[in-house]
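The values are calculated or read from the model by the stated rules, or taken from the named source; none is laboratory data. On a predicted model such as this, the values are computed, not experimentally measured, just so you know. Counting neighbours? That spans all protein chains shown, and the Cβs are built from the backbone with ideal geometry, glycine included.
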């Protein structure tokens, strides 16, 4: 009988290949469940989950909440903007207060890298990292790989390029770990200012020419330019960024093969990709969103099955 | 470990034919009936009965599905065993249909309880019947009884009833295993 090797999902870094395989196989079953006329199963009816979002999020929060509700868990939501965090309460105090209300699992997004790991060492609950600063966003990477597997059959041996703002992206790091674990070849592509200095040490190819990168790849994962995290100017203007690193239909049509386009959302239409690309049949952006619910159900289900009754 | 043969291939075959005939008696041409094999072990019996009804009894419209009950079980997180899911294949709506649940062994009745909940995700059926190859008497935890039974068996709790299928284990047989 198989189970996850971890008690928390803090990052892809802590998972092994078998864990990812188990999560995908479980997600297959949940994908079937969420396409039924009645999309709910009662497995987690005695589990309570707190969604703690110390940073803004729309789709991740909705996706987690939906996944929890589809599994019949009780859900409480918390966002930092309306809370005592503003009054100076520490993270551990905040979480322990919530846990004293008998919460079994915490889904947390936090602006500081490592917040999830820190919390897992200090509180007695299963922790799922829903994004910690520019560090990791494991469920996003899982759903990205799952979507590649769904579209192309398997992840192993595929060439995947991650384009754009790698420096500020937690999606990029988690994706690199997840793709490499499954045997894909990974390249990052973007302006030098938005590529971390030591990114090569992760064993990825580095390319600054978008056309070359797209000609090499089977899948391009287009990252959003995270203007809100940019305290200094990393490129001269948005227009120039788009000219160099934006994907449009003409560029896609000029390639030797038909590549798959992904985007973790939210899209800046006309910046990273144009509308006709985002809405084309080469883009699997909405599949990613649908798969996100199934993947999160799988992760929550598998972690919950390790919580002792 | 000792084991005793409860049914051999010939006996299994006779029982399957009887069960198929009993189904025909109640469901005529199966126009409003669907057969649902319960995963994991009930699907072999369901497949076998569906094939028999089609080939030996010339019934054309057999609708067959497989239902996995893992996420509806009442022992999640309660045992050492991690529950592993199987595939559900129901490509039709069961609204107003007459359903026959098919499983190999009826023991505590808890799987059937889970299946009764799980099937509701696919609509509100008109009625649900239960067919099992082996009915273990005196071991029920819930008030659930089969409508069609192959063979009734008196087995104590330490004993295990194992149903083998030719397509899976190489032979049709039923064993009573004593650990």
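Of the numbered criteria (1) within 14 Å of the chain's Cα centre (by Cα); (2) closer than 20 Å to residue B:32 by Cβ; (3) away from chain A (no Cβ under 13 Å), the one residue B:116 fails is (3). When the criteria are applied in full, residue A:69 meets the requirement of being away from every other protein chain (no Cβ under 13 Å) and part of a helix (DSSP H, G or I). Counting the residues of segment A:10-45 that are more than 19 Å from residue B:84 (Cβ to Cβ) and more than 11 Å from every other protein chain (Cβ to nearest Cβ) gives 5. Within segment A:188-247, the residues that satisfy the criterion of being in contact with a helix residue (DSSP H, G or I) (Cβ under 6 Å, 6 or more places away or on another chain) and more than 23 Å from residue A:260 (Cα to Cα) are A:202, A:234, A:235.
Out of the residues in segment B:119-128 that are more than 7 Å from chain A (Cβ to nearest Cβ) and either within 16 Å of the chain's Cα centre (by Cα) or not in a loop (DSSP other than H, G, I, E, B) (or both), which is surrounded by the fewest Cβ atoms within 10 Å (Cβ to Cβ)? Among those that are more than 7 Å from chain A (Cβ to nearest Cβ) and either within 16 Å of the chain's Cα centre (by Cα) or not in a loop (DSSP other than H, G, I, E, B) (or both), it is B:127.
Candidates A:19, A:46: the one that is assigned to a loop (DSSP other than H, G, I, E, B), outside the structural domain of residue A:228 (by TED's automatic domain parsing) and within 28 Å of residue A:5 (Cβ to Cβ) is A:46. Looking only at segment B:71-104, count how many residues are crowded, with 17+ Cβ neighbours inside 10 Å and either under 15 Å from the mean Cα position of the chain (by Cα) or away from every other protein chain (no Cβ under 11 Å) (or both). Of the residues in segment B:71-104, 9 are crowded, with 17+ Cβ neighbours inside 10 Å and either under 15 Å from the mean Cα position of the chain (by Cα) or away from every other protein chain (no Cβ under 11 Å) (or both). For segment A:150-168, the criterion of being within 16 Å of the chain's Cα centre (by Cα), surrounded by 24 or more Cβ atoms within 10 Å (Cβ to Cβ) and without any contact (Cβ under 8 Å) to a residue 60 or more places away in the chain is satisfied by at least one residue. Run residue B:66 past the list (1) within 14 Å of another protein chain (Cβ to nearest Cβ); (2) more than 23 Å from residue B:12 (Cβ to Cβ) and report the number of the one that doesn't hold. Unmet condition: (2). At least 1 residues being touching a helix residue (DSSP H, G or I) at 6+ places or on another chain (Cβ under 7 Å) and not assigned by TED's automatic domain parsing to the domain that holds residue A:22 is the threshold, and among the strands (runs of 3 or more DSSP E) wholly inside segment A:101-181 those reaching it are A:159-163. Suppose the filter is facing another protein chain (nearest Cβ under 8 Å) and in a helix (DSSP H, G or I); does residue A:60 pass it? So residue A:60 fails the test. Going by the structure shown, is residue B:144 touching a strand residue (DSSP E or B) at 6+ places or on another chain (Cβ under 8 Å), modelled with pLDDT of 90 or more, outside any loop (DSSP other than H, G, I, E, B) and surrounded by 13 or more Cβ atoms within 10 Å (Cβ to Cβ)? So residue B:144 does not fit the description; no. In segment A:61-98, what residues are in contact (Cβ under 8 Å) with a residue 40 or more places away in the chain and surrounded by fewer than 21 Cβ atoms within 10 Å (Cβ to Cβ)? Listed by number, the residues that qualify are A:61, A:66, A:94, A:98. Within the set A:212, A:306, the sole residue that is within 30 Å of residue B:74 (Cα to Cα), more than 16 Å from the chain's Cα centre (by Cα) and surrounded by fewer than 18 Cβ atoms within 10 Å (Cβ to Cβ) turns out to be A:306.
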